[in-house]
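The values are calculated or read from the model by the stated rules, or taken from the named source; none is laboratory data. Everything quoted here is computed from the prediction, not taken from an experiment. With ideal geometry, Cβ positions are generated from the backbone for all residues, glycine too; neighbour counts draw on all protein chains shown.
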Amino acid sequence: MMDRTLSSSYASLGGRASALTAVQTRVINQVYLWMTLGLALTGATAYFVATTDSVKKIIFGSGWMFWILVIAQVGLVFAISGLIHRLSAAAATGLFFLYSALNGLTFSSIFLVYNLGSIAGVFLITAGTFGIMSLYGITTKTDLTKIGNLLFMALIGVVIAGLVNLFIGSSILSLIISVVGVVVFTGLTAYDAQRIKDMSAAALDGESEGKIAVIGALALYLDFINLFLMLLRLLGSRDEE
């Protein structure tokens, strides 16, 4: 009788573990699908703007339009993150893709500064680095919470230094910001990947899975984009060069 009870308990635990693994797999797959589609939308939008003079003039012809787009992007990030519990999964997904498209409008500026071959090369480096760190974050048994907290504080420092450098225009400070930024976003990629895996365990149904997937996709999208920009500043070749 006791053996049957133990066998039943082990079977129940095994079933729960299997169900949890299935949920995590679904969420993680959806996260990377949305993130990839978001990056593709950003890249396509950016290239379209950079090769269409009429649109390019609207965005970069006056400084106010560019900054309106930047403010709109920041607002969307806060809206998705802060209102995720009130939004439906479909609405949150739509806002994520809207953000990706808007980001492409301002992101098009890199095509005006760096040559296409340089952009492609840095993108491949970014993709490789991102892939390795993301896989590490998902598979490692080490808790990355403390490291993530330190990296977040470092990120605040990078943002503040970047704002200061807008006014002083120091090339040395810009180099330091880029180097530190590469380290920060490389580490955050692993941390966010692990955090998403842990978050997926709390999914109760398809709706909550969808919301977690959007938040996860946004976090990894931002990690990828910022890592790419930091590496581009360090390794990119400018057109005039």
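The residues listed here are L41, L13, L20, L37; of these, the one that is at pLDDT below 55 and either under 15 Å from I215 (Cα atoms) or in a helix (DSSP H, G or I) (or both) is L13.
Just one of the listed residues (I59, I68, I132) is among the β-branched types (V, I, T) and in contact with a helix residue (DSSP H, G or I) (Cβ under 7 Å, 6 or more places away or on another chain), namely I59. Determine whether I71 is out of contact with any Ser or Thr (no Cβ under 9 Å at 6 or more places or on another chain), aliphatic (A, V, I, L, M) and touching a residue at least 12 places away in the same chain (Cβ under 8 Å). Here the answer is no, as I71 does not meet what is asked. Restricting the search to helices (runs of 4 or more DSSP H) fully inside segment 83-139 and requiring at least 2 residues that are crowded, with 21+ Cβ neighbours inside 10 Å and not small (G, A, S) gives 89-107, 116-139. Close Cβ contacts (under 9 Å, 6 or more residues apart or on different chains) running from residues in segment 219-230 that are farther than 15 Å from G148 by Cα to residues that are surrounded by fewer than 21 Cβ atoms within 10 Å (Cβ to Cβ) and of a type in the set (F, W, Y) comprise F228/F123. Taking first residues from segment 116-144 that are over 21 Å from M35 (Cα atoms) and partners that are among the basic types (K, R) and surrounded by 13 or more Cβ atoms within 10 Å (Cβ to Cβ), the Cβ contacts under 9 Å between residues at least 6 apart in sequence or on separate chains come to L144/R195.
Residues checked against (1) at pLDDT 95 or above; (2) surrounded by 15 or more Cβ atoms within 10 Å (Cβ to Cβ); (3) small (G, A, S):
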{"residue": "I156", "(1), (2), (3)": "no, no, no"}
{"residue": "V159", "(1), (2), (3)": "no, no, no"}
{"residue": "I168", "(1), (2), (3)": "no, no, no"}
{"residue": "A202", "(1), (2), (3)": "no, no, yes"}
{"residue": "G206", "(1), (2), (3)": "no, no, yes"}
{"residue": "I212", "(1), (2), (3)": "no, yes, no"}
{"residue": "F224", "(1), (2), (3)": "yes, yes, no"}
{"residue": "G236", "(1), (2), (3)": "no, yes, yes"}
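Restrict the check to segment 62-70 and report whether at least one residue is closer than 22 Å to L37 by Cβ, modelled with pLDDT under 90 and not acidic (D, E). Checked segment 62-70: at least one residue is closer than 22 Å to L37 by Cβ, modelled with pLDDT under 90 and not acidic (D, E).
Quick check: is even one residue across segment 179-189 under 24 Å from L41 (Cα atoms), aromatic (F, W, Y) and touching an Asp or Glu at 6+ places or on another chain (Cβ under 7 Å)? Checked segment 179-189: at least one residue is under 24 Å from L41 (Cα atoms), aromatic (F, W, Y) and touching an Asp or Glu at 6+ places or on another chain (Cβ under 7 Å). D192 passes every criterion in (1) of a type in the set (D, E); (2) over 24 Å from V77 (Cα atoms); (3) surrounded by 17 or more Cβ atoms within 10 Å (Cβ to Cβ) apart from (2).
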